[in-house]
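I have a structure I would like to understand better, so I am pasting it below and will then ask my questions one at a time.
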Amino acid sequence: MLRILLFLIIISITTEIFAKNQVKVYYERTDFGYQIFADNDEMCPVSIKFEFELTNLEADSEDGKVYLLEGDKKGQYLFDVRVIDKGKTYRLGYRFWNNIGDVLLDEYDEDFEYYLPFKKSESYKLWQGYDGSFSHQGKNSLDFTMDVGTPVAAMRDGLVVKVEESNSKNCNTRDCIQYNNFIVVYHSDGTFAEYTHIEKNGSKVKVGDRVKQGQIIASSGNVGFSSGPHLHVVVFLPRFDDRLTVKTKFLVGDGSESIYLEEKQIYSRNY
Ligand SMILES: [Zn+2]
């Protein structure tokens with residue numbers, strides 16, 4: 001008499017470098033083995049990849065292959081895993097990584113004209129620019145000096161995908177990155193903008209909201225890794241373990257021209 005032993009082990013590891021993502025992976029049993037599915041409760045697309053540990057099983061996939069999950073959708077079919085020899089023991093194991101957005105995206109709208117991230121008729125100093133020496137080495141991020149409570153405007157239309165506004169702690173070292181308050185907005189070209197250090201409970205928007213360019217979305221602050229009251233903004237393409245920050249053009253003055261901003265300059269938004 002043939003005895004069949006079945007073992008099943010699922011190892012699921014999510015790497016969440018910047019924020020926890022609402023992604024769940026699960027399987028359904030079939031007569032040939034398993035079908036693997038994912039729920040994506042993030043509002044935007046999410047990239048996901050797997051590493052397999054299979055015994056007597058064959059996946060209709062491969063290690064490191066990137067799948068793009070649709071935003072706000074459950075039950076997304078990914079691939080099959082088939083039993084090779086039904087008379088023998090089999091074991092399913094995998095780990096997965098995910099991040100918001102399309103991690104394979106390299107191209108974006110380089111000519112898009114961003115709004116300065118504050119109200120019309122106001123002016124602020126760009127204290128630290130792209131690749132700045134204080135904390136922006138190798139990063140295309142911008143720091144505008146502004147008082148706590150200053151209204152922050154959306155630089156571009158988009159969909160709000162992350163809001164963290166619960167923190168109040170601040171310090172001048174990287175240990176305080178974990179206390180950053182921020183809003184992340186997903187743009188139509190696949191880039192994201194992050195608006196950081198906003199006041200505790202300073203967000204005017206919530207996850208799932210669509211924002212318009214120029215709309216007031218937050219009150220600026222001095223929360224997290226911050227040396228003084230300021231707004232940190234960055235536009236980036238996502239990667240699994242990092243983000244590719246990009247330079248963008250901003251409308252300045254009366255809005256008749258767009259330029260790459262330069263450190264220590266004062267910029268006005270009269271449009
Ligand atoms: Zn900064």
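Could you check the simple spin-label distance between R174 and D41, using points 7 Å along Cα→Cβ, in nm with one decimal?
That separation, rounded to one decimal, is 3.2 nm.
Figure the gain on full extension for S227 and K206 (residue separation times 0.36 nm, minus the Cα-Cα span) and round it to one decimal in nm.
Values: separation 21, 0.36 × 21 = 7.56 nm, distance 2.67 nm.
Here the answer is 4.9 nm.
List the aspartates and glutamates whose alpha-carbon lies under 19 Å from that of K120, not counting same-chain residues fewer than 8 positions away?
Hits, sequence-local ones excluded: D143, D147, D157, D254, E257.
Quick check: pseudo-label points 7 Å beyond the Cα along Cα→Cβ at D111 and Y271, how many nm apart are they?
Taking the two extended label points, one gets 1.5 nm.
While we're here: Determine the shape class of segment 113-269: with a ≥ b ≥ c the square roots of the Cα gyration tensor eigenvalues, call it rounded for a/c under 1.5, and otherwise prolate if a/b is greater than b/c, oblate otherwise. Kindly include the intermediate steps, with their values, before the conclusion.
Numbers: a/c = 1.22, a/b = 1.13, b/c = 1.08.
Rounded.
Another question, then. Are any of the pairs K139/K162; K119/K206; K24/K162; K206/K247; K49/K249; K212/K264 more than 23 Å apart by Cα-Cα distance, and if so, which?
On the way: K139/K162 21 Å; K119/K206 20 Å; K24/K162 17 Å; K206/K247 26 Å; K49/K249 33 Å; K212/K264 28 Å.
Pairs exceeding the cut-off: K206/K247; K49/K249; K212/K264.
Find the relative contact order for segment 23-100 and round it to a whole percent, using C-alpha pairs within less than 8 Å whose residues are 6+ positions apart.
Values: 180 pairs, mean separation 30.3, N = 78.
Relative contact order, segment 23-100: 39 percent.
At 7 Å along the Cα-to-beta-carbon direction for both F240 and S166, put a label point, then send me their distance in nm to one decimal.
About 2.9 nm separates the two model spin labels.
Of D72, D175, D157, which is the most mobile in a GNM of the chain whose springs link Cα atoms less than 10 angstrom apart?
Checking each option, the largest mean-square fluctuation is seen for D175.
Just so you know, all these numbers are worked out from the coordinates, no wet-lab data involved. What you see is a predicted model; the values in this text were computed from it and never measured. Glycine gets a Cβ as well: all are built from the backbone with ideal geometry, and neighbour counts include every protein chain shown.
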